[in-house]
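Take a look at the structure below.
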Amino acid sequence: MFAQKPPKIKKAIIDFLRGVDNIREEEIVKKLAHLSTAKKYSTKERIFNRTLNELFAKGKLQKLKFKDNTFITWDNLTIQERNQKFARFYKLVSEQYKKMIGTSMYIGTNQTGNQDNNPNYNPDSDRYRGADKSPRKTPTDLKAWLFDDIENRDTSRFDVLSEFLYLEMQKSKLTYDTLDGVFTQFDVAGIYAGTNNSKTKNTITLADFRALLGRDEVMPMMNVEDYKIFNPKEKKPMFWSLRGVEQ
């Protein structure tokens, strides 16, 4: 078997299906047949059929059958129905994919409960409670994500996202010396993380930081702006956020 050479056919099929639903295979071939160098039209049909099946197998296209006045997806057809001759329709599954990693941490001054940092602490109050001495410790959602194109749907971005998040945390305002710590994940030993804080004794490594993070979460997306699509060579753009910080 010869490997499929013309990647432009794959790209042309995806471009053609963008923004439209449920196109018959015959229509795709008719519209894009000029891209094939084969002389016979029947050969062009086989080339496109093989390419469509390849894109379907990789999860980039959805294959459908029109049955009982509705479109039925391939996985809802019986083996007998799949082997019958019928008009195949195709639909683009997704254009882009959002890939995200994250964890919950205690971040900044709310990680240690220093009473001097609690503006609401009043020792003369009749409502005094021991817990009032310190700010409430609130878990913070720490996330990083990027948008991949359809060609890289199955490419893991965990390593590049975790490194990006690790470096961004070190560069952020949370690394100022005025804070009790930079960012921390409390476990049995109690791990502090960061590099710019003189009070931080145990600096977490990138490898340890990665062990705290969840694996890739992949979500199909549509119509993501081009400038937001991840560029592997430049390792950008990528995004990150904190949510739920109380200081």
*Applying the selection to the stretch 15-38, what residues are among the polar types (S, T, N, Q) and more than 31 Å from the chain's Cα centre (by Cα)?*
Ser36, Thr37
*Those residues of the stretch 7-22 which are buried (at least 17 other Cβ atoms within 10 Å of the Cβ) and over 13 Å from Thr51 (Cα atoms), in sequence order*: Leu17
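Residues that are of a type in the set (Val, Ile, Thr) and either modelled with pLDDT of 90 or more or at positive phi (or both): does the stretch 48-70 have at least one?
Here is the first cut: in the stretch 48-70, the residues of a type in the set (Val, Ile, Thr) are 51, 70.
Then drop every residue that is not either modelled with pLDDT of 90 or more or at positive phi (or both), which leaves 51.
Checked the stretch 48-70: at least one residue is of a type in the set (Val, Ile, Thr) and either modelled with pLDDT of 90 or more or at positive phi (or both).
The values are calculated or read from the model by the stated rules, or taken from the named source; none is laboratory data. Note that the structure is a prediction, hence the values are computed from the model and not measured. Neighbour counts run over all protein chains shown; Cβ positions are idealised from the backbone, glycine included.
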